[in-house]
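Q: Submitted below is the structure of interest, expressed as structure tokens.
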Amino acid sequence: MTTHEATGGHLGLRERKKQQTRERIRREAYRLFAEQGYEATTVDQIAEAAEVSPSTFFRYFPSKEDVVLQDEYDPALADALRARPANEPIVEAVLNALKGPLGQMLQKDRDELLLRTRISFTDPAIRARSVADQERSEQVIAEIIAERAERQATDLEVRCAAAAIIAVFTTVVRYWVEGGGEEELAELYERHLPLLTTGFAF
């Protein structure tokens, strides 16, 4: 769950057109990845399919890897958590956030998310970059927890909580991908995130 750009609810015409172009490039990229494989797909092919120039592709995505790595889930989660009551326990807040627009986003993006996650787990270059992106996700969650608890994001307890939440997210997604996406991802989160507060049975 990594991001570089958030989607806004009140975009101007120019911003909407840019967002539509970004979404079209990503959509065509994933269609090609599914048809011919990630490695076999070139930036030129993606640009041609999206009806943009290669230079336009690079204005939206610095590399082919970034098509896989960039998403809007972190800012969506951050917005949802900031809308939750400050006294709500963080795991409960995350679970409630998943019942709103974020959960709908995960459901809508199911096929794309399944493919991009498979790629991120198997492509060596993307796997290497995913480590840094995971650390950024942990920082986002740590900052939210710190805001809600009136603590510092650098506090070890806050950082451990954020790391634990992201670890569950990552493990659940891996399990979901290994199972071919047969189960509902949001339901897997709902069953397993509470382990962080209720504890384990072994």
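The values are calculated or read from the model by the stated rules, or taken from the named source; none is laboratory data. Quick caveat: nothing in here was measured; it's all calculated off a predicted structure. Every residue, glycine as well, gets a Cβ built from its backbone with ideal geometry; the counts of neighbours run over all protein chains shown.
Q: Restricted to the stretch 31-46, and to residues that are more than 15 Å from residue 63 (Cβ to Cβ) and in contact with a Ser or Thr (Cβ under 9 Å, 6 or more places away or on another chain), which residue is surrounded by the most Cβ atoms within 10 Å (Cβ to Cβ)?
A: Across the stretch 31-46, the extreme among qualifying residues is 32.
Q: Which of (1) closer than 30 Å to residue 157 by Cβ; (2) modelled with pLDDT under 90; (3) of a type outside the set (Gly, Ala, Ser) is the odd one out, the single condition residue 109 does not satisfy?
A: Condition (1) is where residue 109 drops out.
Q: Counting only residues that are touching a residue at least 24 places away in the same chain (Cβ under 8 Å) and either buried (at least 16 other Cβ atoms within 10 Å of the Cβ) or under 16 Å from the mean Cα position of the chain (by Cα) (or both), how many does the stretch 85-98 have?
A: The number of residues fulfilling the criteria is 6.
Q: Test residue 139 against the stated conditions and say whether it is surrounded by fewer than 18 Cβ atoms within 10 Å (Cβ to Cβ) and either on the phi > 0 side of the Ramachandran plot or outside any helix (DSSP H, G or I) (or both).
A: Here the answer is no, as residue 139 does not meet what is asked.
Q: Still on this structure: Kindly evaluate residue 103 against the criterion of being at positive phi, surrounded by 14 or more Cβ atoms within 10 Å (Cβ to Cβ) and not assigned by TED's automatic domain parsing to the domain that holds residue 26.
A: Spelling it out, it is not the case that residue 103 is at positive phi, surrounded by 14 or more Cβ atoms within 10 Å (Cβ to Cβ) and not assigned by TED's automatic domain parsing to the domain that holds residue 26.
Q: Report the residue count in the stretch 151-176 for those that are within 14 Å of the chain's Cα centre (by Cα) and of a type in the set (A, V, I, L, M, F, W, C).
A: Keep residues of the stretch 151-176 that are within 14 Å of the chain's Cα centre (by Cα), which gives 165-174.
Of the ones still in play, those that are also of a type in the set (A, V, I, L, M, F, W, C) are 165-169, 172-173.
Here the count works out to 7.
Q: Same structure again: How about the stretch 49-90: which helices (runs of 4 or more DSSP H) wholly inside it have at least 2 residues that are farther than 21 Å from residue 105 by Cα and at pLDDT 90 or above?
A: Correct list: 54-60, 64-69.
Q: Conditions first: (1) within 18 Å of the chain's Cα centre (by Cα); (2) farther than 30 Å from residue 196 by Cβ. Residue 73 passes all but one, so which condition is the exception?
A: Failing condition for residue 73: (2).
Q: Let me ask you something else. Check the stretch 46-53 and report whether any residue there is under 17 Å from residue 120 (Cβ atoms) and in contact (Cβ under 8 Å) with a residue 24 or more places away in the chain.
A: Among the residues of the stretch 46-53, not one is under 17 Å from residue 120 (Cβ atoms) and in contact (Cβ under 8 Å) with a residue 24 or more places away in the chain, which makes the answer no.
Q: Check 145, 119 and return the single one that is in contact with a Lys or Arg (Cβ under 9 Å, 6 or more places away or on another chain), of a type in the set (Val, Ile, Thr) and in the same structural domain as residue 188 (by TED's automatic domain parsing).
A: Sole residue among the options that is in contact with a Lys or Arg (Cβ under 9 Å, 6 or more places away or on another chain), of a type in the set (Val, Ile, Thr) and in the same structural domain as residue 188 (by TED's automatic domain parsing): 145.
Q: Please specify each residue of the stretch 51-90 satisfying the condition of being over 15 Å from residue 22 (Cβ atoms) and of a type in the set (A, V, I, L, M).
A: Of everything in the stretch 51-90, those that are over 15 Å from residue 22 (Cβ atoms) and of a type in the set (A, V, I, L, M) turn out to be 76, 77, 78, 80, 81, 83, 86, 90.
Q: Just the residues that are at pLDDT 90 or above and surrounded by fewer than 18 Cβ atoms within 10 Å (Cβ to Cβ), please, taken from the stretch 119-135.
A: 135
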